[in-house]
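In what follows, a single structure is set out as structure tokens and then discussed.
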């Protein structure tokens with residue numbers, strides 16, 4: 001009798017688990033995937049609670065060198081939409097593989113319509129003019145559009161259009177969310193303009209050139225420590241130090257997850273301050289305002 005009891009109990013548990021699993025799958029939200037955390041900041045405000053949103057690149061990881069694991073690609077294949085930044089790191093290759101293996105996943109390039117800059121700036125070695133342009137590796141484009149509120153207006157619109165097309169019944173909800181998000185972007189733009197208009201130096205140094213669009217939009221000049229994706233040679237480092245002295249640069253940025261050593265060397269040589277920043281942080285607005293505040297507060301320190 002005890003044997004039959006255990007068989008019956010096992011059957012009941014199996015049915016219960018099956019029903020629970022079915023119920024869970026019926027109540028699970030559809031999945032959307034983005035590449036980096038700043039995208040999730042925008043998409044969550046547009047989509048509200050309609051979707052679960054997955055970020056491919058973990059915090060503290062460089063999207064330029066990130067390689068998705070097979071399990072990550074499986075989760076990506078379950079998404080209704082994959083919102084890629086544009087041409088960031090692995091995106092082109094993996095988007096092609098995703099389209100081939102999971103044709104039902106819609107792939108949205110969020111940078112469509114944005115005027116992209118040439119990429120991999122290393123103007124501290126080749127350009128000593130007084131214009132705001134930069135020398136670049138031929139054919140490459142700078143994907144770091146999220147440092148520009150102006151570019152993110154277009155970026156957010158691309159996200160909105162994809163949501164409306166995928167779920168037209170919720171179109172007005174998404175459009176209303178987009179109106180609120182646009183107001184936030186405008187507020188960030190106004191704050192950055194107020195902070196950076198009278199920044200004491202129009203130039204700054206950064207380890208990896210991730211703030212090119214910020215520099216372009218607000219009349220600043222970005223000089224990167226990294227040279228063509230690599231640490232600089234001693235000769236290149238000396239040229240950067242000489243340039244920093246000429247331009248009286250007092251601010252050096254190093255992104256979270258990058259080695260501080262070269263930045264510390266330059267900071268000591270030119271008497272600049274070194275700041276660790278995180279342009280890939282979820283709190284997009286707070287991070288940009290924090291960066292602008294660092295640049296603007298140098299003015300206050302210099303006038304003390």
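The values are calculated or read from the model by the stated rules, or taken from the named source; none is laboratory data. The structure presented is a predicted model; accordingly, all values stated were derived computationally and were not measured. Counting neighbours? That spans all protein chains shown, and the Cβs are built from the backbone with ideal geometry, glycine included.
See the values below:
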{"quantity": "Residue list for the stretch 58-99, filter: closer than 23 Å to residue 277 by Cβ and loosely packed, with under 13 Cβ neighbours inside 10 Å", "calculated": "58, 60, 65"}
{"quantity": "Criterion: surrounded by 10 or more Cβ atoms within 10 Å (Cβ to Cβ) and at pLDDT below 90 - qualifying residue of 8, 32", "calculated": "8"}
{"quantity": "Condition check for residue 216: closer than 24 Å to residue 30 by Cβ, at pLDDT 95 or above and either surrounded by fewer than 19 Cβ atoms within 10 Å (Cβ to Cβ) or not assigned by TED's automatic domain parsing to the domain that holds residue 46 (or both)", "calculated": "no"}
{"quantity": "Scope the stretch 162-176; condition closer than 15 Å to residue 48 by Cα and surrounded by fewer than 20 Cβ atoms within 10 Å (Cβ to Cβ); matching residues", "calculated": "164, 166, 167, 168, 169, 170, 171, 172, 173, 175, 176"}
{"quantity": "Strands (runs of 3 or more DSSP E) within the stretch 220-304 that include 3 or more residues surrounded by 21 or more Cβ atoms within 10 Å (Cβ to Cβ) and outside the structural domain of residue 185 (by TED's automatic domain parsing)", "calculated": "221-224, 251-255"}
{"quantity": "Members of the stretch 43-78 found to be touching a helix residue (DSSP H, G or I) at 6+ places or on another chain (Cβ under 9 Å) and touching a residue at least 40 places away in the same chain (Cβ under 8 Å), listed by number", "calculated": "43, 45, 46, 47, 48, 50, 57, 59, 63, 76"}
{"quantity": "Unique residue being in contact with a helix residue (DSSP H, G or I) (Cβ under 9 Å, 6 or more places away or on another chain) and either at pLDDT 95 or above or under 30 Å from residue 202 (Cβ atoms) (or both) when the list is 40, 84", "calculated": "84"}
